[in-house]
Every structure is written in structure tokens, then in C-alpha cells.
Amino acid sequence: MPENALCERMLEATRRRGYLVLCACSVAVHAAISTRELPHGNWRAAAVALLSAALLPAILSRRVSAQRLDTLVVWCANIGASYFLWDFYSRGLELGARESLTVPLFFAVWFGLLPLKQAVLRGGVLYVALAALVLRHWPTDPVPLLYTGFLLFLIGQMTVTGRQLQQELSRTARYADLALTDPLTGLFNRRSMERRLEDHYSLQASAPRSVATTPPATGEEATPIGILLIDVDLFKAVNDVHGHETGDRVLVAVGQTLRACARSGDLTVRWGGEEFVLLVATGERAALEHICARIHCALAEQDWPQALPRVTVSIGAALSGEAQGAAELLKLADRRLYRAKDAGRARMNMDDVQANDLSGDNRVFSAAPLELVSTR
């Protein structure tokens, strides 16, 4: 999963947990207050407890998107602030600890979820109205009001700073995604694949040479991997006949098909042009052959839009154990890819050519097409 998408998902889960804790605390606190005040005819705390409880299903439901949930919480803060001012005025209260703890909740919601101007406007109106209600019986002690204002300023400053840090982290993750993702197909790009191969061979080189009964001290082992170098057959003709826009749509469709055929833990890469790479977490030839058969069958059975021409692919396969490094492995897979093309295209090749015997020749090699394995 791209890094930015993972960060967004983690952020949404964190927000939902925060809302859940906030509402649960509101239910508990106002329920406790209502047990004391309800016998005296004060139903306000009980109403707040019920409203907070009614918000819990929306927080727990995955059908309510994070954006709608944010909007709902903001509206609850707006209503809650209005209710707070009305209750404060009607009962003629003095500014105490209970009020000083309630007001910051509205500030935290507004500054955390709204644009800065809207948050400042709502926060300013709330504080000015609160100050007017407190100072209506002059002379009065201004210290609680000043202390509350200072506390609200700190909360606003901290939430704005936290949101700026979040935006900066999201921007950094987005740039990282762009650096490692192909913009056309959305697949990982060549740099991602090279990094994975370098990590694999570096870990393999650092592993003990002798056979050991226990894993390395680091707890990591260089698990075998396979590589499928995939080239769209006669793609130049697609561009020449149907245009480059149609060609781009074909590449996107092929990329989606490859991603669907990949397994969990495999890496689907656009190598460049009409070439793709699939890094498979396996050291078995039979597994590579099976995935190649799935790819050919999926392309043959693909429900292509009428505007898109059907295409086939040629595949060169290799296992990491056949090469001593990433460059050598890619060269071996590339050689086998061209053998598959020389043999008639629309097939996979994994013959016994060695990585140290890659001299060029123009002979046609036998590489029989794979028996298709239905993906349906």
C-alpha cells in the first residue's frame, strides 16, 4: 500500500478513537452530573448525556465517512457552545472549574477541524460572549476569565501547530509516494523495484555462509524471490493505429490486470514504456509458471472496453538464486524475455540460459506457450 494512503488510514482511525473517547467521557460525566441535578428539575445534563450517546453509533459505523463525521462533530460543537452560553446565562453562574474545562473542548474541535479563519471567528465569538456574561455583574474577579482566555489561546496554538505538522507529514508522504510510484498506472516504479532487489541481495550477502541451525542474529533472512519481466507485445502498433491516448489506457488496464494476478507480498512495477515487472515472493519455478499462466489467462478473458484493443504479453522469468546481484538477475530475465518474443510472443520463457552466458545471438529458441489457468 502506498505510504500516503497508509498514513491517511491511520489518521482516520486515530480521529475515530479520539471522538469515541470524547463522547464516552461526555456521556459518563454528564450522566454523573444529571444524577445529582435531575431530582432538582435540572434536565440539561441528562440531555447532553443522551445527545453524546446518540453520536456514538455514527462514530462506530464505517458507513459514515471521516469527512461526514468531522462535519457532524463540528455541528455538535456549535450547538454545544450555544447551549453552554444559554445555560450559563439562565443560571447566572460564575466562571468556575466546570466551565473552564468545558469551553476548551469547543476550541479543540473548531481549531482541529475548521479552517483557521472560521475557527478564530467561532472561538472569538464564544470568548467575547462569555466575557460579557461574566463581567455583567461588575466589579468581579477578572482572574478566572483571564486564565480561561490564556488556556484557550494555548489550546488554539497547539491544535493549529499540530495540524500544520500533520499537513507537513502528509505532504512528505505524498512526495515519497510520487518518488516511488508511476504516475500513469499507479503501480510502483523502477526505483521501488531496484530498492527491493538491493535490500534482498544485501541481506543475502550479510547472511552466514555456513549452514546454521538458527537464523541470523538480526532475525531477518533473505527469502528467495522470483522476477517476471513482462512486455506488451506489438505495443508500438497499438500507438500507431489507435493513438497514444488509447495506448496509455491499455497500459493502465494491463497494470490493473497484473496487480489483480499478484499475490499478497508481491510487488507490481511499471519498469518503463510498455514493460512491467512482478517481483514474486517465491523461490519455486512452478509458482512463477502458475502466475504467468494466470496473467495470460486474465488478459485473454479481460472484459476490455470496445475502444481498447486486446493485447498479449511476453514474459521472461528468473529466480534470485540464479544470479549474484540485482543487475545480473535483471539481465537474465531480460534475456529470457527476448527469447520468448523470438519464439512467437504471448508466452513465458524460463529456459536454462545462465546469467554468465548472456552473449547476444539471433537464434529462435523453443519456448512453448503456457497452458492457460482460468482465473474465474
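The values are calculated or read from the model by the stated rules, or taken from the named source; none is laboratory data. Computed from a predicted structure; not experimentally measured. All Cβ positions, even for glycine, are placed from backbone atoms using ideal geometry, and neighbour counts span all protein chains on display. Ligands, DNA and RNA are excluded from the accessible area calculation, which covers all protein heavy atoms including side chains. Shrake-Rupley method; radii C 1.70, N 1.55, O 1.52, S 1.80 Å.
Cβ neighbours within 10 Å, averaged per peptide: list 128-139, 74-85, 246-257 in order, most packed at the top.
Taking the mean over residues of other Cβ atoms within 10 Å, the ranking is 246-257, 74-85, 128-139.
³J(HN,Hα) across segment 267-280 via Karplus (A = 6.51, B = -1.76, C = 1.60, θ = phi - 60°), whole Hz, x for Gly/Pro?
10, 9, 10, 8, 6, x, x, 9, 9, 10, 9, 10, 8, 10
How big is the convex hull of the Cα atoms of segment 1-155, per residue, in Å³?
Numbers: hull volume 17.8 nm³, N = 155.
Roughly 115 Å³ of hull volume per residue.
With all protein chains present, how much of the accessible area of segment 36-185 (probe radius 1.4 Å) comes from carbon and sulfur, to the nearest whole percent?
Values: 6410 of 9300 Å².
Its accessible area is 69 percent carbon and sulfur atoms.
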